[in-house]
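As structure tokens, the structure follows; a few thoughts come after it.
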Amino acid sequence: MNFRFFTHWILAGLIGMSLISESKAQTITTGVLSASELCVPASLSVPFTKTGTFGADNTFTVELSGPSGSFSTPRVLAPTGTASPLVVTIPADVANGTGYQVRVVSSNPKVVGTTSATVLTLQQAPAAPNVATTAYSYCTGATAVPLSATASGSNTLQWYDGGGNPLASAPIPPTTTAGTQTYSVAQVTSTKCTSPKVTITVNIVAPPAAPGVSPLQVCQGAGAGALTASGANLLWYAAASGGTGSATAPTPATGTAGTTSYYVSQSA
């Protein structure tokens with residue numbers, strides 16, 4: 001009786017050893033990633049190698065750690081697959097962080113792969129930059145100033161011409177020819193995540209002709225009415241250049257003989 005019991009115990013032990021050996025046969029090694037900095041949402045190719053036999057219905061899944069590298073509550077990335085590499089999408093709502101890592105996990109049997117040696121920096125695209133003025137107007141030949149916008153924090157500005165080509169700095173619109181120009185500006189993070197663009201329109205207009213006027217003669221001491229001119233948005237001046245125009249037409253003084261000049265402009 002003792003001999004039989006001992007034999008059965010040995011067989012049971014051997015069977016148990018076989019099961020343990022088989023359960024340890026599967027391994028997953030997560031490979032090195034091709035990128036370490038990404039703007040989300042982003043596509044990511046995750047290579048891996050495996051050993052051992054997996055079930056016919058097995059699938060492999062990529063798990064994303066938290067921003068500090070912890071897998072205490074990993075995020076499952078879609079889609080799953082059956083072979084390396086797994087090309088998954090990192091969603092747009094993933095928080096900014098510099099310590100993300102990934103690993104590959106199987107379903108049958110459940111095997112957790114090694115953590116990739118690549119540490120990921122993930123950033124969301126920033127909001128569009130602040131642009132105080134999105135429409136400018138200049139007369140032909142006028143001196144224009146550089147367009148302006150404000151980036152957030154350490155972000156930088158990227159300017160584009162009307163064809164979407166990047167510019168090295170804020171553009172100064174040329175005013176030699178009448179017409180409409182368009183520019184746009186975005187802000188860019190340290191990992192080259194680009195915000196939506198803000199469009200800025202610049203209208204270059206030819207100045208209108210001088211308003212129509214006629215010389216006026218008034219006798220000394222006679223009553224005179226306000227001066228008149230034909231045109232739109234008239235402004236009256238006391239000098240040929242400079243000064244601040246008045247929308248109210250002047251009334252000539254007639255107490256002293258002589259000639260007095262007045263000046264008027266119009267605008268579109």
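Just so it is clear, none of the values below were taken in a lab; they were calculated from the coordinates. Just so you know, these numbers come straight off a predicted model, no measurement behind them. Virtual Cβ from ideal backbone geometry, glycine too; neighbours counted across all protein chains shown.
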In deg cm²/dmol, rounded to the nearest 500, the helical mean residue ellipticity at 222 nm of the chain, built from -39500 (n - 2.57) for every DSSP H run of length 4 or more, is -3000 deg cm²/dmol
The range 134-239: spread of alpha-carbon positions along the three principal axes, whole Å, largest first, is 79, 27, 19
So the compactness index of the chain, its C-alpha Rg divided by 2.2 N^0.38 Å, takes the value 2.10
D (µm²/s, integer) via Stokes-Einstein for the range 65-173, Kirkwood Rh across alpha-carbon pairs, 10 °C, 1.306 mPa s: value 86 µm²/s
Length gained, residue 176-residue 130, 0.36 nm per residue minus C-alpha separation, equals 13.7 nm
Ordering 185-195, 148-158 by per-residue average of other C-beta atoms within 10 angstrom, highest first, gives 185-195, 148-158
Residue span residue 267 to residue 156: 0.36 nm per residue of separation minus Cα-Cα distance leaves a gain in nm of 36.1 nm
With Cα coordinates, the longest principal axis of the chain makes an angle with the long axis of helix 2-23, in degrees rounded to 10, of 20 degrees
In units of 2.2 N^0.38 Å, the Cα radius of gyration of the range 109-180 is 1.92
Rounded to the nearest 0.05, FRET efficiency between residue 140 and residue 254 (Cβ-Cβ, R0 51 Å) equals 0.80
Note: the range 203-268 at 25 °C, 0.890 mPa s; Kirkwood Rh on alpha carbon pairs; Stokes-Einstein D in µm²/s works out to 185 µm²/s
